[in-house]
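S.K.: The structure's right below; bear with me while I get my questions together.
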Amino acid sequence: MDPRHLFIDERLTGVCVYCGAHPDTRDHVPSKVLVDDPYPPELPVVGACESCNASFSLDEQYLACFLDCVICGGTDTSGLRRPNVKRILEVNPALKRRIDGSRRRQEPDYFLWEPETDRVKNVVLKLARGHAAYELYPKLEEPAVVGFVPLQTLSGAERSAFDQLATDKPELWPEIGSRAFLRALCKFPDRFEHSGDWIVVQPGRYRYAVAETGGVLVRMVLSEYLACMVSWD
Ligand SMILES: [Zn+2]
């Protein structure tokens, strides 16, 4: 069976996975700004309306740039690691200044960065809705939890709970025909590497995991720095 033509796709064509409107467009999850060129082949796509598809891109661009600046310790483009972030900041001095203005000096040589949490939350929830829809089914309602935190700030126990959550839930069976179902049968000819229950879209750059836990739990790690979790009861 070609995984791009599961019958779940047919349901998805009827709905924007972000707002429930008619989907005029298709949207990559994760969006390309969060992964590096050369892009992983056949990034997952979901149905989206034009207005949703357009409405997230500035926040996604902000988050991609903010993360690389934090990880690399500055906004000077010569010191950044991700070529597409360099390109964005080189042509967008206003964004560069805005990110630079979010640095808070703690010690002479030590800074903390203050993210624009509304924008980060907007992107994290959007990504989670996209992954839930792609792996299982659309989750349009408000989630119970939207959380994100630098991976490095988690304690050892928190980190292993985050990494290993919900790996053994044999009592919860994924729906027949969903990607999660085919993965459970190991019959999903996936082009992405797996690590435990994580799907590695691009090593070091983006991984995610979706689990049915009675509700739906989506976890994502961006640039092995930002740990994100969204759950629906
Ligand atoms: Zn929409």
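Nothing in this text is a laboratory measurement; each read-out follows from the coordinates by a stated rule. Here the structure is a predicted model, which means the values were calculated and not measured. No Cβ is skipped: glycine too gets one built from the backbone with ideal geometry, and neighbour counts run over all protein chains shown.
S.K.: Using a simple spin-label model with points 7 Å from Cα along the Cα→Cβ vector, what separation in nm is obtained for Gln152 and Tyr225?
M.R.: 0.9 nm
S.K.: Once fully extended, how much extra length lies between Arg98 and Ser55, figured as 0.36 nm per residue of separation less the alpha-carbon to alpha-carbon distance?
M.R.: Working: separation 43, 0.36 × 43 = 15.48 nm, distance 1.95 nm.
This chain segment gains 13.5 nm when fully extended.
S.K.: How far apart, in nm, are the 7 Å Cα→Cβ label points at Ser195 and Thr117?
M.R.: 2.8 nm
S.K.: So for segment 20-64, averaging the separation of alpha carbon pairs under 8 Å that are six or more residues apart and normalising by length, what relative contact order in percent results? It would help to have the intermediate numbers written out before the result.
M.R.: Values: 45 pairs, mean separation 22.2, N = 45.
In percent, rounded to a whole number, it is 49.
S.K.: Between Arg159 and Asp109, what length comes free when the chain is fully extended (0.36 nm per residue of separation minus the Cα-Cα distance, one decimal in nm)? Could the numbers behind the result be given before it?
M.R.: On the way: separation 50, 0.36 × 50 = 18.00 nm, distance 2.78 nm.
Fully extending the segment from Arg159 to Asp109 adds 15.2 nm.
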